[in-house]
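> The structure that follows is given in the form of structure tokens.
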Amino acid sequence: MNRLRNWMREHPEEGSLSAYFVLLAVVLMGVVGLVVDSSGKYREVEHAQLVASGASRSAVNAVTGTAQDNGSVAINSIAARTAAENYIAASGLTGTVTVDGDVVTVTVESSYDTRFISLLGVNQLPAQATSSAQLITN
């Protein structure tokens, strides 16, 4: 123990740069980790948005009516809900479908499994997207 103290008194500056380098490396790895996981979450939100948009469009295509007789066309809410739920299920995500008159709203939930910030105890980041489509009869 005395040898270490004596050596530290004789060489007070040796090794101080190593501590700064280690600190800098840790900070840079943290920044890289945040960038990687943030972009992964962004991609997952974008995927959820694509699924929500596709599901709402497929739901609006589920129309019923007698367009040739009196020109009335409306959304079949049961068929629309089923079409959207099937679209969401085929994508492997989960979501909810709301049919209100001639407007279908789809909300899709997903999550991104983190790669770097899982070291801090955050294993997943939630991703959610909502899309609406409206039946246009003109």
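The values are calculated or read from the model by the stated rules, or taken from the named source; none is laboratory data. None of these values were measured; they are calculated from a predicted model. Ideal geometry is used to build each Cβ from the backbone, glycine not excepted, and the neighbour counts take in all protein chains shown.
> Can you spot a residue in the stretch 54-67 that is over 16 Å from residue 135 (Cα atoms) and out of contact with any Pro (no Cβ under 9 Å at 6 or more places or on another chain)?
No; the residues of the stretch 54-67 include none that is over 16 Å from residue 135 (Cα atoms) and out of contact with any Pro (no Cβ under 9 Å at 6 or more places or on another chain).
> From the set of residues in the stretch 49-64 that are in contact (Cβ under 8 Å) with a residue 60 or more places away in the chain and of a type in the set (Ser, Thr, Tyr), which is surrounded by the most Cβ atoms within 10 Å (Cβ to Cβ)?
Filtering first and then ranking leaves 56.
> Could I ask something else about it? Six or more apart or on different chains, Cβ under 6 Å: which pairs go from a residue in the stretch 23-48 that's more than 30 Å from residue 106 (Cβ to Cβ) to one that's surrounded by 15 or more Cβ atoms within 10 Å (Cβ to Cβ)? Could you list them?
Sorted first by the residue in the stretch 23-48, then by its partner, the pairs are 33/116; 33/117.
> Looking at the stretch 117-138 only, could you name the residues that are modelled with pLDDT under 90 and either touching a helix residue (DSSP H, G or I) at 6+ places or on another chain (Cβ under 6 Å) or crowded, with 16+ Cβ neighbours inside 10 Å (or both)?
Within the stretch 117-138, 117, 135 meet the criteria.
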